[in-house]
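This report refers to the structure that appears directly beneath it.
The values are calculated or read from the model by the stated rules, or taken from the named source; none is laboratory data. None of the values given here were measured: they were computed from a predicted structure. Note that each Cβ is placed from the backbone with ideal geometry, even for glycine, and that neighbours are counted across all protein chains shown. The protein model used for the area step is the full one, side chains on, heavy atoms only, and it has no ligands, DNA or RNA in it. Shrake-Rupley method; radii C 1.70, N 1.55, O 1.52, S 1.80 Å.
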Amino acid sequence: MTYLQRLIANALIFISLSVLFPNQVYVESLTMAIAASFVLSILNTLVKPILILLSLPLNIMTLGLFSFVISAGMLQLTSNLLGNYRFGFSSFAISVLVAIVMAIVNAIVSDHNIDKYADR
């Protein structure tokens with residue numbers, strides 16, 4: 001899955017979750033969803049590896065489930081950088097739920113793209 005496809009997929013996830021859960025997830029516009037997806041990708045590239053390395057013992061003890069908490073933290077940081085009135089979540093638990101949904105959707109989309117190119 002290319003970077004642009006992942007960026008668009010994450011933006012669509014943000015928009016669809018804001019429609020499904022209007023009181024928990026707020027996205028001002030499609031442009032803000034794309035900007036949030038872009039900022040999240042930068043944070044996932046620069047900050048997330050450091051946090052995963054620092055929390056490695058805790059991640060091992062929870063069999064990798066703590067990585068969802070780190071992803072939720074990245075979503076909260078994205079929300080704080082863009083402004084909670086433009087892109088935000090009602091609570092940290094909702095951020096964890098969004099992180100889980102994003103992981104599942106990205107895995108499905110990535111698996112679909114692998115199957116598409118494997119048939120050649």
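Across region 31-39, computed HN-Hα scalar couplings (Karplus, 6.51 cos²θ - 1.76 cosθ + 1.60, θ = phi - 60°) run 4, 5, 5, 5, 5, 5, 5, 5, 5 Hz from first to last residue, x flagging Gly and Pro. Computed over protein heavy atoms with a 1.4 Å probe, the accessible surface of region 40-120 works out to 61 Å² per residue. Placing ILE8, ILE60 in order of accessible area, with the largest value first and a 1.4 Å probe, yields ILE60, ILE8.
In summary, region 1-94 shows an alpha-carbon radius of gyration equal to 1.10 times the 2.2 N^0.38 Å reference for compact globular proteins. On region 1-95, 74 percent of the accessible area sits on carbon and sulfur atoms, based on a 1.4 Å probe.
Rounded to the nearest Hz, the phi-derived 3J(HN,Hα) couplings of region 67-75 under the Karplus curve 6.51 cos²θ - 1.76 cosθ + 1.60 (θ = phi - 60°) are 5, 5, 5, 5, 5, 5, x, 5, 5, where x marks glycine and proline. For the chain, the dipole from Cβ point charges (+1 on Lys and Arg, -1 on Asp and Glu) about the Cα centre works out to 140 debye, to the nearest 20.
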